[in-house]
Structures are given as C-alpha cells and as structure tokens.
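Peer 1: What follows is a structure written as structure tokens; I'll ask about it next.
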Amino acid sequence: MPNQVKYVLQESEMPRQWYNIVPDLPSPPPPPLHPGTHQPVGPDDLGPLFPMALIMQEVSGDRQVPIPEPVLDIYRLWRPTPLYRARRLEQDLGTPARIYYKYEGVSPAGSHKPNTSVPQAYYNAAEGVRKLTTETGAGQWGSALAFACALFGLDLQVWMVRSSFDQKPYRKLLMETYGATVHPSPSDITSAGRAILAEHPESTGSLGIAISEAVEIAGGNEDTRYSLGSVLNHVLMHQTVIGEEAIKQLAQAGERPDVIVGCTGGGSNFGGLAFPFLREKMAGRMNPVIRAVEPAACPSFTRGTYAYDFGDTAGFAPLLKMHTLGHEFIPDPIHAGGLRYHGMSPLLSHIYELGLIEAVAKPQSECFAAGLRFARTEGIVPAPEPTHAVAAAIEEALRCKESGEEKVILTALCGHGLLDLQAYGEYLHGEMRDLELRDTVISEALAGLPVGV
Ligand SMILES: Cc1ncc(COP(=O)(O)O)c(C=O)c1O
C-alpha cells in the first residue's frame with residue numbers, strides 16, 4: 001500500500017520462542033563469578049535469588065526457548081506490537097532515509113519491560129515463590145514488574161532510585177496502583193542503604209545501590225526472590241520477541257535494515273531488538289550496522305573498561321565481566337533514569353568486544369531535542385531513554401541527507417514518556433543541563449574495581 005505507516009502482525013504470528021544468541025556466537029561470554037570465592041557461580045549460588053527455571057535459562061545452550069502458554073496468553077494483551085514508518089519525521093528532516101520504529105509503549109506499563117516481567121513473575125509463581133524484590137531507575141521496570149506480580153498474585157517491594165522517586169511521583173503511584181510497595185533508595189530499611197546514607201545523607205541514589213537493597217532483602221528471606229529488569233542473559237532473551245516481530249514486519253514492508261540503533265541502560269531493549277538481526281547478519285542474510293546509544297553521563301561502553309565488577313554497589317551480587325564505570329560510580333541524576341547503570345550486560349559487552357556492534361554516547365539535551373522533534377512529527381512522546389535512540393536515528397538520517405543515501409534505519413521506541421513530562425518541562429523551560437563527566441571521576445570509580453579477578 002502506498003504511504004503505509006503501520007505494519008501489524010496477527011496474534012497468531014507472535015513468536016512462540018525466545019531466541020538465545022549465545023550458541024550462535026564465535027565464543028561464549030565469560031561466566032559470572034561468586035563475589036566471595038571468585039569462582040564461577042553455579043545454580044546453587046543463585047538459588048536464593050532466582051527460581052531454577054530462570055537460572056537454567058541464564059546458562060542455556062539452546063538456541064530457542066519455548067515461551068510458556070500462560071505467558072503467551074498475557075503477551076496477547078499488547079503483542080504483537082506495531083512497527084511504524086516515521087514518514088512525518090523523514091519529511092521534516094528532508095532525508096532520503098527510511099526510518100522505522102518498533103513501538104513497545106503499547107504495553108500496559110508503557111514500555112518493553114513487561115516482555116520480561118511477565119515470564120519472571122510466572123516462573124517465580126510456578127516454583128511457589130510468594131514475594132519478589134527489585135530495583136527501579138525510571139520506574140518503568142518497577143511498574144512492569146508490579147503489573148506482572150498483580151497478575152500472578154505475588155507481593156512486590158521496589159527500591160526506587162531517589163532521584164527518580166522525587167522526579168516521577170506518578171510512576172510510584174502506578175506501582176502502588178498495581179499493588180506494589182515502593183521505597184526510595186537509599187533507604188534506612190537495609191544495611192546497604194543505611195551505609196550509604198551514613199556517608200552521603202543527601203545521596204540521589206543509583207541503580208547499583210537499589211540493586212544491593214533488593215538483593216539484601218531477597219537473600220535474607222526464604223520466601224522471597226529477586227528480579228532484575230535488564231543486564232542478565234535471560235532478560236535479554238525474553239526481549240527478543242521485539243526483534244523477531246520486527247524481522248517479519250520489515251519483510252512485510254519489503255525492507256532490510258542498513259542501520260539499527262537502540263538505547264542501552266543495561267542493554268535489554270537493544271539486545272531484544274538487535275539479537276535476531278545479529279543472527280541473520282552472522283548467517284550472511286543481511287548486513288546492518290548495529291549501534292548502541294548510551295547517555296554521555298553514564299557511558300559504560302564508550303568510556304568504561306571491560307573487567308569483572310560487582311553488579312551492585314555493596315558487592316552482594318555476582319561479579320560480572322562487563323563494560324563498567326565501576327560499581328562505586330554514581331551518575332549525574334539525568335532524566336533517563338533507566339540508563340543510569342554503572343555497567344552493561346555481560347552478553348552485550350562480549351558482543352561489543354567481538355566487534356559485532358558499535359556504540360556512541362549522547363548528552364541529554366540533544367536527546368530531548370530529538371524527543372521533541374519526534375513528538376511534534378510522529379505524535380508519540382518518547383520516554384527519556386529512547387530519546388537517545390531517536391537522536392541517533394535522526395543523526396543517521398541527516399547523514400543520509402548529506403550523502404543522498406537511501407538507508408533503512410530501524411530503532412526501538414521502547415517506551416512512552418507520558419509519565420516523564422516533568423523532564424520535558426525542564427527542557428522546554430531551558431532548565432536542563434549537560435554536565436561534563438571528567439576523566440578523573442571515572443578513573444576514581446574504576447580504582448574501586450575488585451582486585452585479583
Ligand atoms: C523505557 C526504557 N527504556 C530503556 C531502559 C533501559 O533499560 P535497557 O537497556 O535494559 O533496555 C529503561 C530502563 O528502565 C526504560 O524504562
């Protein structure tokens with residue numbers, strides 16, 4: 001159809017399997033290590049934190065993992081998600097490039113996060129777990145898990161990074177609406193939180209601190225497990241429904257991507273979009289450039305180091321080999337709260353080391369300018385995180401304008417920003433700052449990397 005904007009799939013065309021990229025890679029990623037012994041962690045080490053089904057997915061060597069029927073039934077509430085051609089944005093930019101975006105903001109919680117919160121809640125409930133704990137940055141992950149826990153009758157406690165807790169009261173209310181309890185992090189109800197508050201009473205928090213608090217409570221209570229919204233292999237695998245659908249939808253449009261861009265906090269929406277395309281690329285069926293976009297205020301890929309580091313600030317969580325700014329790094333409280341993690345998914349870090357993907361960093365004012373331009377042409381207000389992807393898509397489209405190339409650009413618009421309007425307000429009123437991140441701040445945080453690993 002000429003001028004087609006939306007490419008939609010039937011429910012019957014929804015993927016019935018998640019894609020595990022690990023067996024297709026030239027080498028496997030280095031294993032997580034026990035924080036005390038520095039030996040590879042086994043299922044028994046992870047048992048106090050995760051249900052066995054997820055532990056087995058974390059180390060799975062199967063290329064395809066079936067999606068359980070009860071999870072598919074819930075996915076049907078919003079999946080398959082639409083793929084849009086950004087015709088009005090293209091026109092506004094005057095570019096010959098064709099820009100497509102896979103929109104995950106149609107989920108009940110407004111982002112891609114329910115793609116993994118639902119299976120995580122399902123597997124926990126199936127193994128008799130009654131309570132979960134988690135952290136949340138922007139509040140998107142917390143609301144996604146609160147939604148999933150409501151469906152499976154699980155009790156949920158969320159540690160929300162203090163800066164987001166103050167900036168996003170409606171995210172907190174959304175979590176409470178779904179039945180969760182929300183604590184600002186650092187909090188005085190965990191030893192990890194109290195230790196931070198003793199040293200920095202005004203701490204704005206970080207994902208690393210919030211993870212320590214949630215892990216501490218899960219590890220110390222027999223009936224409680226912990227749930228993570230990004231970073232780990234099984235989380236990225238659950239998100240591959242995004243890329244699998246996008247492959248079918250781009251085929252409907254008669255297109256193959258030349259460039260794929262996505263924002264990276266811990267890497268889950270980017271991995272979810274990119275991995276199925278990377279499979280096609282490694283098999284020689286297409287050849288897109290795949291580019292991660294991270295915030296200049298928390299640049300783990302582009303300015304971090306590739307080393308074993310703690311997944312959390314207090315050092316309770318396993319050591320992960322990843323691109324990291326150091327677990328003691330506290331990023332500037334930028335509005336893209338979901339991108340403020342000191343590390344990067346070990347799987348994506350490994351893939352980056354293999355040279356299969358590239359990365360760039362963008363300051364938030366450029367991203368909000370891009371988000372505004374997107375909102376004023378396409379109508380959807382992007383969440384602060386995917387404004388990074390939109391900024392990179394616009395940059396690429398403007399390059400095409402210069403060169404005259406008709407590239408196909410694909411991105412994930414992984415969430416809407418209707419609960420993030422305060423951040424847009426600051427941008428609109430000229431109050432948004434881009435703080436320079438000095439090398440010394442990074443090197444000081446990296447000096448705290450664990451030794452002897
Ligand atoms: C809308 C949105 N996009 C992106 C992210 C970043 O996470 P990830 O890199 O795992 O996709 C978050 C995290 O909270 C988010 O809420």
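Peer 1: Residue farthest toward the positive end of the dipole of region 1-90, with Cβ of Lys/Arg at +1 and Asp/Glu at -1: which of 2, 38, 28?
Peer 2: Highest projection toward the positive end goes to 2.
Peer 1: Could you give me the percent of Cα pairs per 10 Å distance bin for the chain, shortest bin first, beginning at zero and ending with the bin that holds the maximum distance?
Peer 2: Spelled out bin by bin, the chain gives 5, 23, 35, 27, 10, 1, 0 percent.
Peer 1: OK, next. Using Cα atoms only, what is the angle between the long axis of helix 268-282 and the major principal axis of the chain, expressed in degrees (0 to 90) to the nearest 10?
Peer 2: 60 degrees
Peer 1: Next up: Taking all pairs of different Cα atoms in region 211-354, averaging 1/r and flipping that mean, what Kirkwood radius in angstroms comes out?
Peer 2: 16.2 Å
Peer 1: In percent, how large is the relative contact order of the chain, given Cα pairs closer than 8 Å and 6 or more residues apart?
Peer 2: Across the chain, relative contact order equals 19 percent.
Peer 1: Using just the C-alpha positions of region 260-321 as equal point scatterers, what log10 of I(q)/I(0) does the Debye formula give at each q in 0.21, 0.27, 0.29 1/Å?
Peer 2: The calculated log intensity ratios at q = 0.21, 0.27, 0.29 Å⁻¹ are -0.94, -1.11, -1.15.
Peer 1: Skip the ligands, DNA and RNA, and give the accessible area per residue of region 227-275 with a 1.4 Å probe, whole Å².
Peer 2: 17 Å²
Peer 1: Stokes-Einstein at 4 °C, 1.567 mPa s, Kirkwood radius from Cα pairs: D for region 1-57 in µm² s⁻¹?
Peer 2: D, rounded to a whole number, is 83 µm²/s.
Peer 1: Still on this structure: Any chance you could look up the accessible area of residue 281 with a 1.4 Å probe, heavy atoms only, rounded to 10 Å²?
Peer 2: Residue 281 has an accessible surface of roughly 60 Å² with all protein chains in place.
Peer 1: Now, a different point. Quick one: putting +1 on the C-beta of Lys and Arg, -1 on the C-beta of Asp and Glu, what dipole do you get for region 34-150 around its Cα centre, in Debye to the nearest 20?
Peer 2: Computed charge dipole of region 34-150: roughly 620 debye.
Peer 1: Once you keep just the Cα pairs under 8 angstrom separated by 6 or more residues, what percentage relative contact order results for region 76-159?
Peer 2: Relative CO of region 76-159 lands at 26 percent.
Peer 1: Sticking with this one: Quote the charge dipole size of region 277-337 about the Cα centre in Debye, to the nearest 20; the model charges only the Cβ of Lys and Arg (+1) and of Asp and Glu (-1).
Peer 2: With Lys and Arg at +1 and Asp and Glu at -1, about 460 debye.
Peer 1: Something else: Please list 438, 98, 162 from largest to smallest accessible area, probe radius 1.4 Å, with all protein chains kept in place.
Peer 2: Ranking 438, 98, 162 by accessible area, largest first, yields 438, 162, 98.
Peer 1: Ignoring ligands, DNA and RNA, how do 202, 406, 216 rank by accessible area with a 1.4 Å probe, largest first?
Peer 2: Largest accessible area first, the list is 202, 406, 216.
Peer 1: Among residues other than residue 384 whose Cβ falls under 14 Å from its Cβ, what is the net charge (Lys/Arg +1, Asp/Glu -1)?
Peer 2: Net charge in that neighbourhood comes out at -3.
Peer 1: Shifting gears a bit: Quick one: putting +1 on the C-beta of Lys and Arg, -1 on the C-beta of Asp and Glu, what dipole do you get for region 134-202 around its Cα centre, in Debye to the nearest 20?
Peer 2: Charge dipole, region 134-202, about its Cα centre: 160 debye, nearest 20.
Peer 1: Which of the pairs 362/401; 113/172; 113/321; 248/362; 168/407; 248/321 have their Cα atoms more than 26 Å apart in this structure?
Peer 2: Checking Cα-Cα distances, 248/362; 168/407; 248/321 exceed 26 Å.
Peer 1: Oh, and also: Please list 3J(HN,Hα) in residue order for region 373-382, calculated via the Karplus relation 6.51 cos²θ - 1.76 cosθ + 1.60 where θ = phi - 60°; whole Hz, with x for glycine and proline.
Peer 2: 5, 5, 4, 7, 10, 8, x, 7, 8, x
Peer 1: Could you give the nm distance between label points at residue 52 and residue 199, where each point is 7 Å from its Cα heading toward the beta carbon?
Peer 2: Distance between label points: 3.9 nm.
Peer 1: Among bridges DSSP assigns within the chain, what percent are antiparallel (round to 5)?
Peer 2: Just about 35 percent of them are antiparallel.
Peer 1: Follow-up question, since we're still on this one. Any idea which of 374, 212, 296 is furthest toward the positive side of the dipole for the chain, if Lys and Arg beta-carbons carry +1 and Asp and Glu beta-carbons -1?
Peer 2: Result: 374, furthest along the dipole toward the positive end.
Peer 1: Need one value: the accessible area of residue 306 in square angstrom, 1.4 angstrom probe, rounded to the nearest 10.
Peer 2: 60 Å²
Peer 1: If you take the charge dipole of the chain about its Cα centre, with +1 on Lys and Arg Cβ and -1 on Asp and Glu Cβ, which of 157, 193, 238 is farthest toward its positive end?
Peer 2: Of the candidates, 238 comes out farthest on the positive side.
Peer 1: Give or take rounding to whole Å, what are the principal axis extents of the alpha carbon atoms in region 1-116, in descending order?
Peer 2: Result for region 1-116: principal-axis Cα extents of 59, 33, 26 Å.
Peer 1: Of all the Cα-Cα pairs you can form in region 175-282, what percent are over 15 Å apart?
Peer 2: 72 percent
Peer 1: Quick check for you: which residues of region 2-26 have the amide N under 19 Å from the point 7 Å beyond the Cα of residue 69 toward its beta carbon?
Peer 2: 11-18
The values are calculated or read from the model by the stated rules, or taken from the named source; none is laboratory data. Please read all numbers here as calculations on a predicted model, not as lab measurements. Reconstructed Cβ throughout: ideal geometry from the backbone, glycine too, with neighbour counts over all protein chains shown. For accessibility, only protein heavy atoms count, side chains too; no ligands or nucleic acids. Shrake-Rupley method; radii C 1.70, N 1.55, O 1.52, S 1.80 Å.
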